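Each remark here refers to the structure printed beneath this line.
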Amino acid sequence: MTATYTRPINEIQDEIIAAFQVLADDREATLNYIMELGDKMPLLADQYRVEDNLIRGCMSSVWLVHQARNGRIFWKADSNTAITKGLISLLVRVLSGQTIQDILQADLYFVDSIGMYQLIGSQRSSGLASMLKQIRAIAQTYQAPVCLQTTNDPPPSQEDLLKDQVVQALKQVYDPEIPVNIYELGLIYEITVDPISNVCILMTLTSPNCPAAELIPSQVERNVRAIAGVKDVQVALTFDPPYTPDRMSEQAKLALGFL
């Protein structure tokens with residue numbers, strides 16, 4: 001992670017956008033290009049491919065390591081799948097060697113400009129958002145303390161504020177046969193809000209044969225899409241791990257007679 005001159009973030013983003021525009025009408029070629037970018041990124045040594053360096057929220061294994069030097073952070077990463085490694089390579093390319101403040105304030109418009117979320121699907125989009133969230137969380141730890149701050153807790157980010165609104169919207173969705181909302185019922189596995197206000201929701205149903213299997217995810221999408229500021233919504237349905245009543249909140253268990 002040798003410190004070298006780093007070009008401005010937007011200059012690197014524009015370079016990436018130009019490269020992807022050449023392949024804009026060819027999805028297969030674009031995915032192959034992403035994998036090629038990952039292949040060009042050096043492998044992490046085994047000593048770094050450990051649990052502590054894993055990024056949570058990614059379907060694939062993604063390891064991220066960093067080094068802070070002279071107010072800048074340098075990143076290295078690796079993954080066990082080709083496309084995911086290509087995705088993290090793009091974030092490393094844009095953000096490695098940048099100042100802490102630039103990393104925290106960066107508007108990563110290249111992701112939207114090249115249609116990345118539509119290209120890679122909801123689950124990889126969720127993983128990409130988790131990668132960026134981890135990078136920013138690490139950068140946040142290097143920020144100088146604000147002397148006038150009246151609390152030890154950092155102010156909520158825009159993503160956190162929007163996520164709270166998503167939770168409230170989900171609490172308005174019910175299985176027609178159960179008098180408890182799907183959030184308290186424990187049907188929501190993961191909510192991810194990326195920096196440009198795209199929302200990815202990973203959810204399940206009480207069983208694969210649930211009569212409301214089509215109704216509930218559609219209502220989830222409608223409720224979340226109605227939130228002011230949400231740019232796009234992707235809802236992914238999974239049955240791994242299978243749903244169990246243990247996922248219910250105490251309030252839901254009480255309402256359904258489990259307590």
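The values are calculated or read from the model by the stated rules, or taken from the named source; none is laboratory data. Note that this is a predicted model, so its numbers are computed, not measured. Quick reminder, even Gly has a Cβ in these numbers, built from the backbone with ideal geometry, and neighbours come from all protein chains shown. To get the accessible areas, we keep the full protein, side chains included, count just its heavy atoms, and leave off ligands, DNA and RNA. Shrake-Rupley method; radii C 1.70, N 1.55, O 1.52, S 1.80 Å.
Observations
- C-alpha long axis of helix 215-225 to longest principal axis of the chain, angle in °: 50 degrees
- Most mobile listed residue (P208, P195, P217) in the chain, GNM with C-alpha springs under 10 Å: P208
- The simple spin-label model puts a point 7 Å past each Cα toward its Cβ; for E177 and E221 those points are separated by 2.3 nm.
- Per-q log10 I(q)/I(0), the range 1-119, q = 0.15 Å⁻¹ (Debye; single scatterer per alpha-carbon; no solvent): -0.71
- Seen from all directions on average, the chain presents a Cα convex hull projection of 16.9 nm².
- Surface share of carbon and sulfur [accessible, 1.4 angstrom probe, percent] for the chain: 50 percent
- Look at where the Cα atoms of the range 223-254 and of the range 13-62 average out, and the two centres are 28 Å apart.
- Modelled spin-label separation between Q251 and S157, with each label point placed 7 Å from Cα along the Cα-to-Cβ direction: 2.6 nm.
- Heavy atoms of the protein chains alone define the surface here; on that basis the chain has 54 Å² accessible area per residue at 1.4 Å probe size.
- Cross-link pairs K133/K253; K85/K163; K85/K133; K76/K231; K231/K253 - those with Cα-Cα distance over 23 Å: K133/K253; K85/K163; K76/K231; K231/K253
- The range 170-213 and the range 91-146 have Cα centres lying 26 Å from one another.
- Were the residues from R69 through A24 laid out at 0.36 nm apart, the gain over their Cα-Cα distance would be 12.5 nm.
- The residues L161, L170, L254, sorted by heavy-atom accessible surface at 1.4 Å with ligands and nucleic acids left out, run L254, L161, L170 from largest to smallest.
- Antiparallel bridge percentage (DSSP; both residues within the chain; nearest 5): 75 percent
- FRET E, pair L31, M59, Förster distance 25 Å, beta-carbon r, rounded to 0.05: 0.95
- Within the assembled protein chains, the solvent-accessible surface assigned to R27 is about 140 Å², based on a 1.4 Å probe.
- Mean residue ellipticity (222 nm) of the chain, computed from DSSP H runs ≥ 4 via -39,500 (n - 2.57), nearest 500: -13000 deg cm²/dmol
- Extension gain for the segment Q101 to Y189, taken as residue separation times 0.36 nm less the Cα-Cα distance, is 28.5 nm to one decimal.
- Structural descriptor for the chain: relative contact order 15 percent, calculated from alpha carbon pairs under 8 angstrom and at least 6 residues apart.
- Lys, Arg +1 and Asp, Glu -1 on Cβ, resulting dipole of the chain about Cα centre, debye, nearest 20: 480 debye
- Between the residues L215, G71, L202, the greatest Cα displacement towards the positive end of the dipole of the chain, with unit charges on the Cβ of Lys, Arg, Asp and Glu, is found for G71.
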